[in-house]
Structure formats: C-alpha cells, structure tokens
1. Over the Cα atoms of the range 23-83, what is the Rg over Rh ratio if Rh follows Kirkwood?
2. Quick check for me: using +1 on Lys/Arg Cβ and -1 on Asp/Glu Cβ, what's the dipole size of the range 23-83 about its Cα centre, in debye to the nearest 20?
Amino acid sequence: MRNPLRILGVAALALGIAACTKLTVENYDRIKVGMRYDEVKRLLGEPTRCSDLMTVRSCTWGDEARHVQVNFIADQVVLFSSANLR
C-alpha cells in the first residue's frame, strides 16, 4: 500500500512547480515585436533551447506540448508564437 502522505506531497510539489512558471498567457501577451532578447528573457526566464541560422536566432521556452517560440533578428523580436498556453 502506498503512503498517502507521500502521494499528497508529490502532488503538492508538482502543483507548486507548475504555479511558479513564467510560461503564462499573461507573459506571452507582453511580448511585442521589437523587444530585445534580454527583455524577453527577463519576462519568460532562461530559454529551453535556442538555435541560430544565419542572422535569425530562434528560441523556445517550454517543451513540445506547451511552449513559446520567439524569433530574433539583430537581437529584436520579429516573430513569435505559442502552443497550448490557454
């Protein structure tokens, strides 16, 4: 038999981690074309991954199921999208 207190503790921890994420609809709505990379990073936290192709830096916050993707040229937002934030 499983310890109900342990299960409850794990569930509370998971809920707490999910509650403190910066990956929210409100923060996504604050992203604007022309924002600098460091401004977006302050808003969403450290990106999960970034890749550079020629002059375009593409950064993703989150995972395959739920994420925000932002493309930068000359360190400024030119395009951004989200999946499953709502």
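A short reminder: the numbers here are calculations on the coordinates, not readings from a lab. Only a predicted model underlies this, so the values are computations on that prediction, with no experimental measurement involved. Glycine also receives a Cβ, built like all others from the backbone with ideal geometry; neighbour counts cover every protein chain displayed.
1. My calculation puts Rg/Rh at 0.92.
2. Around 100 debye, computed over the range 23-83.
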